[in-house]
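Peer 1: This is the structure, below, for whatever I ask next.
A short reminder: the numbers here are calculations on the coordinates, not readings from a lab. Please read these numbers as outputs of a predicted model, since none were measured by experiment. A quick note on method: Cβ atoms are made from the backbone with ideal geometry, for glycine too, and the neighbour counts reach across all protein chains shown.
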Amino acid sequence: ESTLGAAAAQSGRYFGTAIAAGRLGDSAYTTIANREFNMVTAENEMKIDATEPNRGQFNFTNGDRVYNWAVQNGKRVRGHTLAWHSQQPGWMQALSGSSLRQAMIDHINGVMNHYKGKIYAWDVVNEAYADSGGGRRDSNLQRTGNDWIEVAFRTARAADPAAKLCYNDYNIDNWTWAKTQGVYNMVRDFKARGVPIDCVGLQSHFNSNSPYNSNYRTTIQSFAALGVDVQITELDIQGGSATTYANVVNDCLAVPRCTGITVWGVRDTDSWLGSGAAPLLFDGNGNKKPAYTSVLNALNGG
Ligand code: G3I
């Protein structure tokens, strides 16, 4: 196959990208995105600050722009993200305790109800673990009680039973890291107690401080063995090594429950890291980089 999405589909997987509503008027961008990818994540437009700028007043203008572009072009959509310490609107940042807990529940219900039946998988909770030590990150949500994550997942299941429900985080790619083990233990506990969780999102932002490690395949296999899907949700590799990109793809392909890969942007100039990082599959002129070819070849089984 000659595109990423079609090549991934040969094994029943998807290949996605983050899409920014503000770039949908750029035809060079949309041409590549439409041709290559069959899953879309809104880069910012479905986040808490975007969708509920004032408490109880939801705004889906930009989220719907991304959603409609995707669906009109035959793509599925991942939802990102419902409960997160970051990109909270000011009114939410000012809340605590039971009122914050209720606001979280109301937010999940409001957004999931709008997109009910339309989203392949939601990142219900994003980045709840601390960068070191293996425990929870301190945040206003965490201070509402340790059960906030399972409350978010139970709320989400009731709001849209058709969506897969994911826990999504960065630096949980290296199996030996305490953060990975912390998330693994949470997922194992959720499965044991019947807390509804369907998938783990490995963001997979690889750079010199958190490089790709060959134990990545062990991480994917270990989460999958708990009975959840694994999705690579925000892949980018600083420097854009073609070899590392191929390794990531091959590690996903080696695990049946690794169901898809999303890169976090289309061209290097679209990356949150800035184009100097050259972390994506297309250069700023829209040309395919060596990493593109190595990903396509890996997806095609070679
Ligand atoms: O839209 C405003 C614009 O109106 C304003 O003039 C400008 C001035 O700073 O800011 C614009 O918003 C920025 C937004 O991106 C859209 O470009 C925000 O400042 C900026 O903080 C925001 O960054 C996003 C970041 O999440 C915020 O946490 C990145 O685009 C986005 O790629 C990044 O994505 C995250 C995932 O959601 C979670 N995992 C990590 C990943 C990378 O940080």
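Peer 1: Scan region 53-70 for residues that are surrounded by fewer than 22 Cβ atoms within 10 Å (Cβ to Cβ) and in contact (Cβ under 8 Å) with a residue 40 or more places away in the chain and jot them down.
Peer 2: 55, 56, 58, 60, 62, 65, 69
Peer 1: To continue, here is another question. Out of the residues in region 86-119 meeting the condition of being over 16 Å from residue 153 (Cβ atoms) and of a type in the set (A, V, I, L, M, F, W, C), tell me which one is nearest to the ligand (Cβ to nearest atom).
Peer 2: 92
Peer 1: Restricting to region 33-52, name every residue that is touching a Lys or Arg at 6+ places or on another chain (Cβ under 7 Å) and either of a type in the set (S, T, N, Q) or surrounded by fewer than 22 Cβ atoms within 10 Å (Cβ to Cβ) (or both).
Peer 2: Those that are touching a Lys or Arg at 6+ places or on another chain (Cβ under 7 Å) and either of a type in the set (S, T, N, Q) or surrounded by fewer than 22 Cβ atoms within 10 Å (Cβ to Cβ) (or both): 38, 41.
Peer 1: Ok, one more. If a residue must be more than 16 Å from the ligand (Cβ to nearest atom) and assigned to a loop (DSSP other than H, G, I, E, B), how many such residues does region 141-173 contain?
Peer 2: 7
Peer 1: I need the full set of residues from region 230-267 which are touching an Asp or Glu at 6+ places or on another chain (Cβ under 6 Å) and not polar (S, T, N, Q), in order please.
Peer 2: Of everything in region 230-267, those that are touching an Asp or Glu at 6+ places or on another chain (Cβ under 6 Å) and not polar (S, T, N, Q) turn out to be 257, 264.
Peer 1: Six or more apart or on different chains, Cβ under 6 Å: which pairs go from a residue in region 30-47 that's within 22 Å of residue 295 (Cβ to Cβ) and among the polar types (S, T, N, Q) to one that's more than 15 Å from the ligand (Cβ to nearest atom) and in a strand (DSSP E or B)? Could you list them?
Peer 2: Here the result reads 38/14, each pair linking region 30-47 to a residue that is more than 15 Å from the ligand (Cβ to nearest atom) and in a strand (DSSP E or B).
Peer 1: Moving on. Test residue 226 against the stated conditions and say whether it is closer than 30 Å to residue 196 by Cβ and more than 18 Å from the chain's Cα centre (by Cα).
Peer 2: Working: closer than 30 Å to residue 196 by Cβ: yes; more than 18 Å from the chain's Cα centre (by Cα): yes.
The answer is yes for residue 226.
Peer 1: Further question on the same structure: Pairs needed: first member in region 192-217, of a type in the set (Lys, Arg); second member anywhere, surrounded by fewer than 17 Cβ atoms within 10 Å (Cβ to Cβ); C-beta distance under 6 Å; at least 6 residues apart or different chains.
Peer 2: Within 6 Å, the pairs are 217/254.
Peer 1: Just one of 78, 55, 23 is among the charged types (D, E, K, R) and away from the ligand (no atom under 12 Å from the Cβ); which is it? I'd like the intermediate steps shown before the answer.
Peer 2: Working: 78 fails: away from the ligand (no atom under 12 Å from the Cβ); 23 fails: away from the ligand (no atom under 12 Å from the Cβ).
One residue alone meets the criteria, 55.
Peer 1: Same structure again: Kindly list, by first and then second residue, each pair from a residue in region 77-100 that is without any contact (Cβ under 8 Å) to a residue 60 or more places away in the chain and closer than 16 Å to residue 124 by Cα to a residue that is part of a strand (DSSP E or B) and within 11 Å of the ligand (Cβ to nearest atom), limited to pairs with Cβ atoms under 8 Å and residues at least 6 apart or on different chains.
Peer 2: 77/41; 77/42; 84/126; 86/126
Peer 1: Let me ask you something else. Within the set of pairs 6+ apart or on separate chains, which have a first residue in region 222-251 that is closer than 19 Å to residue 8 by Cα, a second that is within 16 Å of the ligand (Cβ to nearest atom) and among the polar types (S, T, N, Q), and C-beta atoms under 6 Å apart?
Peer 2: 232/204; 233/168; 233/203; 233/262; 234/203; 235/204
Peer 1: For region 115-165, name all the residues that are over 30 Å from residue 72 (Cβ atoms) and small (Gly, Ala, Ser).
Peer 2: Answer for region 115-165, where residues must be over 30 Å from residue 72 (Cβ atoms) and small (Gly, Ala, Ser): 128, 130, 132, 133, 134, 135, 139, 145, 152.
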